[in-house]
Structure formats: structure tokens, C-alpha cells
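*Asks:* Would you mind keeping the following structure in view while I ask a few things?
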Amino acid sequence: MEEAKVIINPISPDKVAESPGLLAYAHTAGGAVIRPEDKGKITGRAVSAMREQTDMQLTQLYKQMQLLAEQATAIRNRVEISERIYSAQMNFEPIVGHTYYFYQRKSASGSNGADVLSMIGPTEWGRKFPFERCLATVRMMADHTWDVHYHDVQYEE
């Protein structure tokens with residue numbers, strides 16, 4: 001029988017890794033080149049992406065704030081016109097959901113004309129239109145404010 005040949009590794013045991021696949025650099029001549037990353041470049045890209053994302057979110061919040069401000073202004077205007085309508089002359093009790101017409105009386109001797117709420121539309125008066133103008137068509141809403149559609153048309157006698 002032949003004696004087993006002992007092979008001696010010519011490489012020093014201090015220079016051999018037990019798990020070469022976990023090394024941070026290539027361990028063979030044909031291995032992939034592993035270069036350390038530029039930390040400044042990584043941070044710069046991350047900060048740039050973060051700023052872009054937060055700018056988009058801030059723009060979205062700003063648009064939402066503008067919409068809320070517009071809605072608040074619309075409600076305030078609806079309250080103001082509702083107070084004007086309630087202070088107008090009306091000879092009936094308005095009903096929720098019904099449509100009415102808001103008129104301005106002809107001014108007498110230089111004073112401003114009073115407001116009038118009527119069930120009669122501007123085209124239903126016949127030959128003589130008794131008001132200076134129809135300001136708006138209004139509909140009473142469930143919260144007792146008024147949905148107002150303003151008129152630009154002058155109705156003459």
C-alpha cells in the first residue's frame with residue numbers, strides 16, 4: 001500500500017479566510033470589483049430625494065389650506081347674504097328647499113331702495129316691473145342659509 005501524501009499549503013494560514021464570500025473586497029482574480037461607496041454622494045442623493053418628497057407634501061398641504069380658506073370665505077359670504085335676506089321685506093315664511101327671488105326696490109328721493117324677498121320671478125311680473133332690479137335667485141337650505149345665484153340682467157319696465 002501506498003502511503004498517503006500530505007499536501008502542505010504554501011499560503012500562510014494567516015492569509016486565508018474561512019468565508020471568502022463575506023469579504024468586503026474581491027478574493028479571486030476573476031471576482032467582481034468592489035469599490036467603497038462615496039458617503040457624500042449617497043447622502044446627497046438621499047437628501048435630494050427627501051427634499052423633493054417633502055416639497056410635494058408641503059405643496060399638497062398648501063393647496064388644501066387654500067381650499068379650506070376659500071370654503072370658509074364662501075360660508076362667511078353665505079351668512080352675510082343670508083342676514084341681508086332675513087332683514088328684507090317678506091310677506092310670507094320661507095320654506096326650506098324652495099326658490100325665491102331677491103329684489104331691490106326703486107330708490108325714492110335719493111335713498112337706497114329696500115330689499116324684498118318674493119315668490120314671483122322677474123319674468124312673471126307682467127307689463128310693469130315694480131323693482132329697480134332682481135339681485136338674485138335664492139333657495140333656502142336646511143341650515144336656513146341661502147344658496148344664492150346672482151343676476152347680471154337689468155329688468156326694465
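*Asks:* Could you check the range 69-102 and list, in sequence order, the residues that are aromatic (Phe, Trp, Tyr) and open to solvent by 40 Å² or more (accessible area, probe 1.4 Å)?
*Replies:* At the first step, the residues of the range 69-102 found to be aromatic (Phe, Trp, Tyr) are 86, 92, 100-102.
Tyr86, Phe92, Tyr101 - these are the residues of the range 69-102 that are aromatic (Phe, Trp, Tyr) and open to solvent by 40 Å² or more (accessible area, probe 1.4 Å).
*Asks:* Given the conditions (1) of a type outside the set (Ser, Thr, Tyr); (2) in a strand (DSSP E or B); (3) modelled with pLDDT of 90 or more, which single one is not true for Ala142?
*Replies:* (2)
*Asks:* Give the residues of the range 17-33 that are surrounded by fewer than 10 Cβ atoms within 10 Å (Cβ to Cβ) and among the aliphatic types (A, V, I, L, M), sorted by residue number. So that I can check it myself, show each step before the final result.
*Replies:* Taking the range 17-33 as the starting set, the residues that turn out to be surrounded by fewer than 10 Cβ atoms within 10 Å (Cβ to Cβ) are 17-19, 21-22, 24, 28-30, 32-33.
Listed by number, the residues that qualify are Ala17, Leu22, Ala24, Ala29, Ala32, Val33.
*Asks:* Please tell me if Thr73 is free of Cβ contacts under 8 Å to residues at least 60 places away in the same chain, closer than 30 Å to Ala136 by Cβ and among the β-branched types (Val, Ile, Thr). Lay out the reasoning, then the answer.
*Replies:* On the way: free of Cβ contacts under 8 Å to residues at least 60 places away in the same chain: yes; closer than 30 Å to Ala136 by Cβ: yes; among the β-branched types (Val, Ile, Thr): yes.
So Thr73 passes the test.
*Asks:* Check whether at least one residue in the range 38-52 is farther than 17 Å from His151 by Cα, without any contact (Cβ under 8 Å) to a residue 24 or more places away in the chain and assigned to a loop (DSSP other than H, G, I, E, B), and report yes or no. Spell out how you get there, then give the answer.
*Replies:* We begin by selecting, within the range 38-52, every residue farther than 17 Å from His151 by Cα; these are 38-52.
Cutting the leftovers down to without any contact (Cβ under 8 Å) to a residue 24 or more places away in the chain gives us 38-52.
If we keep only those that are assigned to a loop (DSSP other than H, G, I, E, B) as well, we get 38.
Yes: the range 38-52 contains one or more residues that are farther than 17 Å from His151 by Cα, without any contact (Cβ under 8 Å) to a residue 24 or more places away in the chain and assigned to a loop (DSSP other than H, G, I, E, B).
*Asks:* Select, from Arg51, Arg105, Arg127, Arg45, the only residue that is surrounded by 15 or more Cβ atoms within 10 Å (Cβ to Cβ) and of a type in the set (Lys, Arg).
*Replies:* Numbers: Arg51 fails: surrounded by 15 or more Cβ atoms within 10 Å (Cβ to Cβ); Arg127 fails: surrounded by 15 or more Cβ atoms within 10 Å (Cβ to Cβ); Arg45 fails: surrounded by 15 or more Cβ atoms within 10 Å (Cβ to Cβ).
Sole residue among the options that is surrounded by 15 or more Cβ atoms within 10 Å (Cβ to Cβ) and of a type in the set (Lys, Arg): Arg105.
*Asks:* Now for a different question. Hey, can you tell me all the residues within the range 53-76 that are closer than 30 Å to Asp147 by Cα and either among the β-branched types (Val, Ile, Thr) or in contact with an Asp or Glu (Cβ under 9 Å, 6 or more places away or on another chain) (or both)? Walk me through it before giving the result.
*Replies:* First pass over the range 53-76, keeping only residues closer than 30 Å to Asp147 by Cα: 60-76.
Listed by number, the residues that qualify are Thr73, Ile75.
The values are calculated or read from the model by the stated rules, or taken from the named source; none is laboratory data. The model shown is predicted, which means the values in this text are computed figures rather than measured ones. Virtual Cβ from ideal backbone geometry, glycine too; neighbours counted across all protein chains shown. Note: accessible area is taken over every heavy atom of the protein model, side chains too, but ligands, DNA and RNA are not part of it. Shrake-Rupley method; radii C 1.70, N 1.55, O 1.52, S 1.80 Å.
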